[in-house]
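S.K.: Please see the structure below; I have some questions.
Where a number appears in this text, it was derived from the coordinates with a stated rule and is not lab data. A quick note: this is a predicted structure, and the numbers were derived from the prediction, not measured. Note: ideal-geometry Cβ built from the backbone for every residue, glycine included; neighbour counts use all protein chains shown.
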Amino acid sequence: MSPIGQSVEALVSWLENFGFIFTAVQKLIESVVGGLQWLLLLLPHFALIALVVVLTWRLAGSGVAVFVAAGLGLIVYMNLWLETIQTLALVLTAGFFALLIGIPLGIWAAKNDTVDKLIRPVLDFMQTMPSFVYLIPAVTFFSLGPVPGVVATVVFAMPPAVRLTNLGIRQVPTEVIEAAESFGSTPNQLLFKVQLPLALPTIMAGVNQSIMMSLSMVVIAAMIGAGGLGGEVLRGITQLEVGKGFEAGLAVVIIAIFLDRITQALVPVRGRHN
């Protein structure tokens, strides 16, 4: 092993001294994932599907609502409802934490050029490092199960939120900022009442990409016990059950299209008609 690998191992060994922090993070993630699963399973599947279809119709239009109704009905028909709920809970949890960390970092980078220069190579590293590599420290610190899957997914899915938040704020026209400052806006008023609203479409594009990248990790996270639809795909691969793997993959596609259309519809587009 080269000195680089030895240094990484030494760093991981040193971080294990802060096990109480990792235990707290693990309990937090477990409570969020478990709470989401409990909430999504609280209603019968037909009631939850009806609720989701109505929400989709209100946000994205009747065409997407029909697709969601047919897609979720197909998932129930394939007996993959529980696995789908597990996957949704994992993806929504990872997406939530990725955005909770990524959006403030993007705002900070947009406000400070030094931070922008320092964080850019870190984001490049996070996006280009093979996603399988994230599983190693995640398992080391959090053992097996959904928690290391969520942690690895957060690291993998966070860069788009940081980059596009930074980009959106920096693209706000200078004359608009100058006009707001001339009317006596404080830095907080300038950020929350001018820059963030104008940057919202770009920020939401980052939200969309982060959620899609979270969903793309479900099969990889299943390798360390995350379960859900990724576990079914992995089982289909390892046991050469083509049909099982295809059904689980089809369910992932349905969920991906649903989440993509919903996140795109959260920002109103002028002139769009349902």
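S.K.: Expected output is a single nm value to one decimal: the length gained when fully extending between T23 and T174, i.e. 0.36 nm times separation in residues minus the C-alpha distance. What is it?
M.R.: Numbers: separation 151, 0.36 × 151 = 54.36 nm, distance 4.57 nm.
So the chain would gain 49.8 nm between T23 and T174.
S.K.: Mind ranking 55-63, 98-106, 236-244 by how tightly packed they are, going by the mean number of other C-beta atoms within 10 angstrom, highest first?
M.R.: 98-106, 55-63, 236-244
S.K.: Evaluate E = 1/(1 + (r/R0)^6) for S2 and L266, where r is the Cβ-Cβ distance and R0 equals 30 Å; express this FRET efficiency to the nearest 0.05.
M.R.: Computed FRET efficiency for S2 and L266 comes out at 0.05.
S.K.: Same structure again: Mind checking Rg over Rh on the range 3-265, alpha carbons, Kirkwood formula for Rh?
M.R.: Values: Rg = 20.5 Å, Rh = 20.1 Å.
Over the Cα atoms of the range 3-265, Rg/Rh equals 1.02.
S.K.: Going by average Cβ neighbours within 10 Å, how do the peptides 121-134, 188-201 rank, with the highest at the top?
M.R.: Output ranking for 121-134, 188-201: 188-201, 121-134.
S.K.: Do the sum for the chain: with -39,500 (n - 2.57) for every DSSP H run of n ≥ 4, divided by all residues, what is the mean residue ellipticity at 222 nm, to the nearest 500 deg cm²/dmol?
M.R.: The helix-only estimate for the chain comes to -27000 deg cm²/dmol at 222 nm.
S.K.: Roughly how many whole Å is it from the C-alpha centroid of the range 4-39 to that of the range 80-132?
M.R.: 16
S.K.: If you take the Cα Rg of the range 79-208 and divide it by 2.2 N^0.38 Å, with N the number of residues, what do you get?
M.R.: The range 79-208 yields a ratio of 1.27.
S.K.: Pop out the ³J(HN,Hα) list for the range 240-249 in order, Karplus 6.51 cos²θ - 1.76 cosθ + 1.60 with θ = phi - 60°, rounded to Hz; leave Gly and Pro as x.
M.R.: 6, 9, 4, x, 4, x, 5, 4, 5, x
S.K.: In whole Hz, what ³J(HN,Hα) sequence does the range 191-207 give by Karplus (6.51, -1.76, 1.60; θ = phi - 60°), x for Gly and Pro?
M.R.: 6, 7, 9, 10, 5, 5, x, 6, 8, 4, x, 5, 4, 5, 5, x, 4
S.K.: Follow-up. Find how much the distance from L100 to L51 grows on full extension, using 0.36 nm per residue of separation minus their present alpha carbon separation; answer in nm with one decimal.
M.R.: 15.0 nm
S.K.: Could I ask something else about it? Would you mind putting 138-147, 20-29 in packing order, based on average other-beta-carbon counts within 10 Å, highest first?
M.R.: Numbers: 138-147: 19.4, 20-29: 14.0.
Highest mean packing first, the order is 138-147, 20-29.
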